[in-house]
1. Provide the FRET efficiency to the nearest 0.05 for the ALA58-ARG116 pair, computing r from the beta carbons and using R0 = 22 Å.
2. What residues from region 8-47 fall in the zone where the backbone N is under 18 Å from a label point 7 Å along the Cα-to-C-beta line of LYS76?
3. Please identify the GluC sites (Glu not before Pro) of region 1-97 that satisfy two criteria: DSSP loop assignment and at most 14 other Cβ atoms within 10 Å. Which are they?
4. Across 5 Å bins from the origin, how do the percents of Cα pairs in the chain run, short distances first?
5. Count the DSSP beta bridges whose two residues both fall in the chain, then state the antiparallel fraction as a percent rounded to the nearest 5.
6. Between the DSSP loop rule and a limit of at most 11 other Cβ atoms within 10 Å, which trypsin sites (Lys or Arg not before Pro) in region 11-119 are left?
7. Once you've got the GNM for the chain with C-alpha springs shorter than 10 Å, pick whichever of VAL16, VAL82, VAL49 has the biggest mean-square fluctuation.
Amino acid sequence: MSAREVFLIIGRGDAVLWSDASDSALALPDSRARWEAIWRHRAELELIVHSHPVGPHAFSAEDESTMAAVELALGKRLSWAVLSPKGLLVRRDGVDSTVTEPPWWAGLLALASQVRTTTGAP
């Protein structure tokens, strides 16, 4: 399997509520099914995460506009994360930080995305 961007909706207790993936390591095209899943899980949604298998270790301009649109649609601020070769970057309350002890699902996301982190672990 080759590298690809993967998307997860994480709920309470670090439960994976929904996922999908692209065929590209560089893009995750917009999807009606993804928007519907976000809406369907809005009450239990705690984190939206996706991967950047080849980087960057940052939210892209497209990520930023999508994040703003989702938060506007839901009427609330969310937590976001992106997994890159440099690790898991999380944005909570508008502040970005790299996670030193990733949650259990980060390993699955790394495997599904073919992300190889610099630390040897997601």
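Rule-based calculations on the coordinates, nothing more; no lab input. Just so we're clear, the structure is a prediction, and the values are computed from it rather than from any experiment. Please note: Cβ atoms are built from the backbone with ideal geometry, for glycine as well, and neighbour counts cover all protein chains shown.
1. With a Förster radius of 22 Å, E is 0.80.
2. 9-18, 35-47
3. GLU44
4. 2, 12, 24, 27, 22, 11, 3, 0
5. 80
6. Loop-located and lightly packed - LYS76.
7. VAL16
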